[in-house]
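> To start, I am sharing the structure in question, which I have written as structure tokens.
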Amino acid sequence: MGHPRLGLAIAKKNIKKAVIRNILKRAARESFRLQQHKLKNIDFVVLARKDSATASSEQLRKSLEKHWRKLNKQLGSVNSVPSGTD
């Protein structure tokens, strides 16, 4: 694909209430939307842990931003393989 994509895996097992799951999904989508221009063209999957249900919206935002920066740094250091053959 010519752009990064986001997948969400917010399990009912970890986050019991649907309202909280939806809040987490919205926060992840918004964070991804704001950061996608800085990310490589690969697929990302966001998983939620149990303690994310009690986190404030500010904590969620900061955590997601930290993860995007970390991923971007890791992906930037990976050498890309040329797609063409000789």
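> Taking the Cβ of Ala53 as the center, what net charge do the other residues with Cβ under 9 Å away carry, scoring Lys and Arg +1 and Asp and Glu -1?
Spelling it out: positives minus negatives among the neighbours equals +4.
> Kindly count the pairs of lysines across the chain whose alpha carbons are less than 13 Å apart, treating pairs on different chains or eight or more residues apart as eligible.
For the chain, qualifying lysine pairs total 11.
> Grab the alpha carbons of the stretch 1-56, take their convex hull, and tell me the volume per residue in Å³.
80 Å³
Taken together, the values in this text are just the output of simple stated rules run on the coordinates, not laboratory data. Note that this is a predicted model, so its numbers are computed, not measured. All Cβ positions, glycine included, derive from the backbone under ideal geometry; neighbour counts span all protein chains shown.
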